[in-house]
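Below is one structure, written out as structure tokens, with a few remarks after it.
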Amino acid sequence: MGCTTSSPNSDQTGFAYGCVHGLNNTQDSPTWTHRKTHEGGNRRASLDVNGIYADISNNKDTADFLRSRANTLKFGPMCLTMPTVKVLLVFEKADAQSDALKWAAERLRYQCTLVYSLEAALDSYIHMQHHLVIIDARQTHTLDPLAICRSIRNIKGSQYTCLVGVVKKNWAEKEEPGVLSLLRVGYNRWFLETYSLGICLNELVQLEHNEISAQFKLKAAQALFAALDNCRDGIILTGPNNDIQFVNHAIEKLLGFRAEDMIGKNAQDLHKTDNYKSEIFENINTQINKGKVRKEY
């Protein structure tokens, strides 16, 4: 029976009994396949991918070409294809702000939906599971931005959605962390009110590059952990101090412990129990002390 640990230079180590796959340490940090930078004015925006510049506010063909080259996301050894971004705009009524955001979303070839009530927002979200939801958090008469956020967060799968609240500029000028009221109910961030098309466009590009891609990686990681949990081989994932962070069902059966009894414990202390399996625990401790990758089948 084989046992392996990850590279000692990594912050995490793992044990796999049976089929073993090592991780390349240079790929531990998720990165985009292509580097992107952005600049924008009132009605113009730019996209620079690997030194190739294009005015994406006017040049449709070049924008489509560059975006098609930048939709692959590297996540450790995984290569993920980013789907078309789905955006939900929730506003009290159509105004200059909603028009600017809708223009920017459509310019970036996002799938954009604009609604004007809580009921319409929830109905649309349940059917579409949008990647990005932008809610009018300015002082409106008919919309409660906190209630909308709470309602969306109560829907299964919403942890993979980025929620942004549009606020008035004077919120940011107060000498207090006004954003906390939004963060506490489930918003990811706020967006200062602006009618500049270029600023709106670049804000969406940054959201896709950062928050949306992070949520997409989180969803992929959850799928990976689900696969590991159903793997026949026993797997233990530990932190830099050998603290156990994850175990799958197979290791529970192998060691005779429940997951909740092992999470947070030091992997080298597992043998200090009445349920003692010396050969297995000795193998685990040996691999921890080696601190290097070894593959066995």
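The values are calculated or read from the model by the stated rules, or taken from the named source; none is laboratory data. If you're wondering where the values come from, they're calculated on a predicted model, not measured in any experiment. For neighbour counting, all protein chains shown are included, and Cβ atoms are generated from backbone atoms with ideal geometry for every residue, glycine included.
What the table below lists for this structure:
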{"item": "Qualifying residue in segment 193-211 (condition: under 30 Å from Asn248 (Cβ atoms) and either touching a residue at least 60 places away in the same chain (Cβ under 8 Å) or under 15 Å from the mean Cα position of the chain (by Cα) (or both))", "result": "yes"}
{"item": "Selection status of Val166, modelled with pLDDT of 95 or more and touching a strand residue (DSSP E or B) at 6+ places or on another chain (Cβ under 8 Å)", "result": "yes"}
{"item": "Check on Leu182, at pLDDT below 95, touching a helix residue (DSSP H, G or I) at 6+ places or on another chain (Cβ under 8 Å), more than 21 Å from Met262 (Cα to Cα) and not charged (D, E, K, R)", "result": "yes"}
{"item": "Any hit, segment 232-243, residues being free of Cβ contacts under 8 Å to residues at least 60 places away in the same chain, outside the structural domain of Val164 (by TED's automatic domain parsing) and part of a loop (DSSP other than H, G, I, E, B)", "result": "yes"}
{"item": "Residue check for Leu132: at pLDDT below 95 and either surrounded by fewer than 22 Cβ atoms within 10 Å (Cβ to Cβ) or assigned by TED's automatic domain parsing to the domain that holds Ala105 (or both)", "result": "no"}
{"item": "Phe225 vs. criteria of a type in the set (Phe, Trp, Tyr), in a helix (DSSP H, G or I) and touching a residue at least 12 places away in the same chain (Cβ under 8 Å)", "result": "yes"}
{"item": "Boolean, Gly178 is under 21 Å from Gln97 (Cβ atoms), free of Cβ contacts under 8 Å to residues at least 40 places away in the same chain, small (Gly, Ala, Ser) and touching a Pro at 6+ places or on another chain (Cβ under 9 Å)", "result": "no"}
{"item": "Among (1) among the small types (Gly, Ala, Ser); (2) within 22 Å of Asn71 (Cβ to Cβ); (3) outside any helix (DSSP H, G or I) - the single one Ala220 does not satisfy", "result": "(3)"}
{"item": "Odd one out for Asp233 among (1) over 14 Å from the mean Cα position of the chain (by Cα); (2) among the charged types (D, E, K, R); (3) at pLDDT 85 or above", "result": "(3)"}
{"item": "Hits in segment 159-187 (condition: closer than 27 Å to Arg107 by Cα and either outside the structural domain of Leu118 (by TED's automatic domain parsing) or buried (at least 20 other Cβ atoms within 10 Å of the Cβ) (or both))", "result": "Thr161, Cys162, Leu163, Val164, Gly165, Val166, Val167, Tyr187"}
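Results for (1) within 30 Å of Cys112 (Cα to Cα); (2) modelled with pLDDT of 85 or more; (3) buried (at least 18 other Cβ atoms within 10 Å of the Cβ); (4) assigned by TED's automatic domain parsing to the domain that holds Arg107, shown as yes or no for each residue.
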| residue | (1), (2), (3), (4) |
| --- | --- |
| Glu203 | yes, yes, yes, yes |
| Glu208 | yes, yes, yes, yes |
| Ser213 | yes, yes, yes, yes |
| Leu270 | no, no, yes, no |
| Tyr276 | no, no, no, no |
